[in-house]
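Below is one structure; the comments refer to it alone.
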Amino acid sequence: MARILIVDDSPSQLMGMKRIVEKLGHECLSAEDGAAGVEVAKAEKPDLILMDVVMPNLNGFQATRAISKESSTAHIPVVLVTTKDQETDKVWGMRQGAKAYITKPFTESQLVDVINSLLGA
């Protein structure tokens, strides 16, 4: 069982991803914006982070960069899960340190495949 942090300011998106993650048998942590996500990542050291991009305080690109540059959290894979579907967004997200990029709306199998591949399941 892995510990997965979900960072999303939409309660419905958060609940949807939480349901999928828990169905896989993993433990869920959550944060409602990028700044909180960075703090939870530092404090809890999850095995994987699912990160929205468009959020208040610190957007997902900024939060991903902060997590991937911080030595205590740099090993944690971040998956950007966002409505931003332009190729430039994907390239920029990966340059910030993301290991994968999923656009919303996504299917359950898309999310499961990415989680399993990054956790080595």
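The values are calculated or read from the model by the stated rules, or taken from the named source; none is laboratory data. All of these numbers come straight from a predicted model, not from anything done at the bench. Cβ: placed from backbone, ideal geometry, glycine included. Neighbour counts: every protein chain shown. Keep in mind that these areas ignore ligands, DNA and RNA; they rest on the heavy atoms of the full protein, side chains included. Shrake-Rupley method; radii C 1.70, N 1.55, O 1.52, S 1.80 Å.
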The chain, accessible surface, carbon-and-sulfur percent (1.4 angstrom probe): 51 percent
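Given Cα pairs under 8 Å that are at least 6 residues apart, what percent is the relative contact order of the chain?
Details: 213 pairs, mean separation 27.8, N = 121.
That works out to 23 percent.
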Lys pairs in region 9-121 with Cα under 22 Å (8 or more apart in sequence, or on separate chains) total 17
Name the residue farthest towards the positive end of the dipole of the chain from the options SER72, ALA43, ASN116, assuming +1 on Cβ of Lys and Arg, -1 on Cβ of Asp and Glu, about the Cα centre. SER72
Ordered by residue, what ³J(HN,Hα) values in Hz, to whole numbers, does region 17-28 give under the Karplus form 6.51 cos²θ - 1.76 cosθ + 1.60, where θ = phi - 60° and Gly and Pro are x? 5, 4, 4, 5, 4, 5, 5, 7, x, 9, 8, 10
Net charge around ASP8, counting only other residues with Cβ within less than 11 Å of its Cβ (Lys, Arg = +1; Asp, Glu = -1)? -2
Extension gain from MET94 to VAL112, taking 0.36 nm per residue of separation minus the Cα-Cα distance: 4.5 nm
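Per residue, how much accessible surface does the chain expose to a 1.4 Å probe? Answer in Å², no decimals. Mind dumping the intermediate values first?
Details: 5960 Å² over 121 residues.
Dividing the accessible area of the chain by its residue count gives 49 Å².
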Normalised alpha carbon radius of gyration of region 22-121 [divisor 2.2 N^0.38 Å]: 0.99
From the Cα centre of region 90-121 to that of region 67-83, the distance in Å is 12 Å
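At 222 nm, what value in deg cm²/dmol follows for the chain if DSSP H runs of at least 4 each add -39500 (n - 2.57) and the sum is divided by all its residues, to the nearest 500?
When only DSSP H runs of four or more count, the value is -14000 deg cm²/dmol.
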